[in-house]
1. Taking H placed 1.01 Å from N in the peptide plane, check which residues at least 5 places from Ile84 or on another chain put their amide H under 5 Å from its amide H.
2. Angle check, please: helix 116-129 long axis (alpha carbons) against the longest principal axis of the chain (alpha carbons), in degrees 0 to 90, nearest 10.
3. Against the 2.2 N^0.38 Å scaling, with N counting residues, where does the chain land? I'd like the Cα-based Rg ratio to two decimal places.
4. Can you tell me the equivalent ellipsoid semi-axes for the range 47-167? Use √(5λ) from the Cα gyration tensor, largest first, whole Å.
5. Once the other residues with Cβ under 9 Å from the Cβ of Gly66 are scored (Lys, Arg +1; Asp, Glu -1), what is the net sum?
6. Search the structure for amide H atoms under 5 Å from the amide H of Val135, placed 1.01 Å from N in the peptide plane, and list their residues when 5 or more places away or on another chain.
7. Work out from phi, with θ = phi - 60° and the Karplus expression 6.51 cos²θ - 1.76 cosθ + 1.60, the ³J(HN,Hα) of each residue of the range 161-178, listed in order in whole Hz, and give x for Gly and Pro.
8. Taking the Cβ of Leu21 as the centre, find all other residues whose Cβ is under 11 Å away and add up their charges (Lys, Arg: +1; Asp, Glu: -1).
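The values are calculated or read from the model by the stated rules, or taken from the named source; none is laboratory data. This is a predicted model, so every value here is computed, not measured. Cβ atoms come from the backbone with ideal geometry, glycine included; neighbour counts cover every protein chain shown. All accessible areas refer to the heavy atoms of the entire protein, side chains included, with ligands and DNA or RNA removed. Shrake-Rupley method; radii C 1.70, N 1.55, O 1.52, S 1.80 Å.
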Amino acid sequence: MQSPFPKDISKPVLLTYDRPLAIVGGGNVEPALLRDLAARNVGLVAADGGADALGAAGLVPDAILGDLDSLTDREGWALRTRVIHIPEQITTDFQKALYSTSAPVTLALGMTGKRLDHTLAALSALHEVAARRRVILIDEVDVALAVSGSFSFEAAPRERISVHPLVPIVFERTEGLFYPMINLLLDPAGRLGTSNEGTGGTVEIVPRDATPWLLILGRERLWDLVEQLCPAADGGAQAL
């Protein structure tokens, strides 16, 4: 599969964070969640038209970047924050935001819904960066963490846990799942790991290699994941 980040594209890191970062796109985004992120001192970067979602929530992002073909009132935004035009058309605005930023954990909102091609492109971007960056895709119901290699976490009995293959991947073993995966091949065009359940306690998922995959949990687990991935983060209402 061709990389969405070709080597001939210059990819300087323009914004570096030592706390969680949220990249906001133009898909479905809840204003209340955006305000919650701001209250927790999460960095906010808009991918092109995602700035309008932040503006509707009464927020101003640290920066707006992308090809800017979906941004309304570009001149008005430029008076309030940094607007970065990245004209190349090989990558999506989400991919531009990923290669232009750095953070210990990144939340991606507004990358799903409205347009199926944008959702699929977001999954492709997660596959590309999973080995070097912790990214959590958020929608109205779920959170999806891109993982490269093994991962363990605590889960409640009967908690819904889905393991989704981005490409074919073999899982050597699992612990704490109602339906164990032992030397099991999952394939996006074949067998999936949808709607497994936790048995209670520690869940450990061990693939054969570092092929990226998605761990999908209910959205109520967002701050548990953030705190695990970025221990300095406080999952409560205080600043991170």
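1. Close amide H contacts, sequence-distant or interchain: Ile64, Leu65, Gly66.
2. 70
3. Working: Rg = 17.8 Å, N = 240, 2.2 N^0.38 = 17.7 Å.
Rg over 2.2 N^0.38 Å, computed on Cα atoms: 1.01.
4. Details: eigenvalues 164, 51, 36 Å².
Working from the Cα gyration tensor, I get semi-axes of 29, 16, 13 Å.
5. Numbers: positive: Lys96; negative: Asp48, Asp67, Asp69, Asp93.
Result for the neighbourhood of Gly66: -3.
6. Thr106, Ala146
7. In residue order, the calculated couplings are 9, 10, 10, 10, x, 7, 9, x, 8, 9, 9, 5, 6, 9, 10, x, 10, 4 Hz.
8. +1
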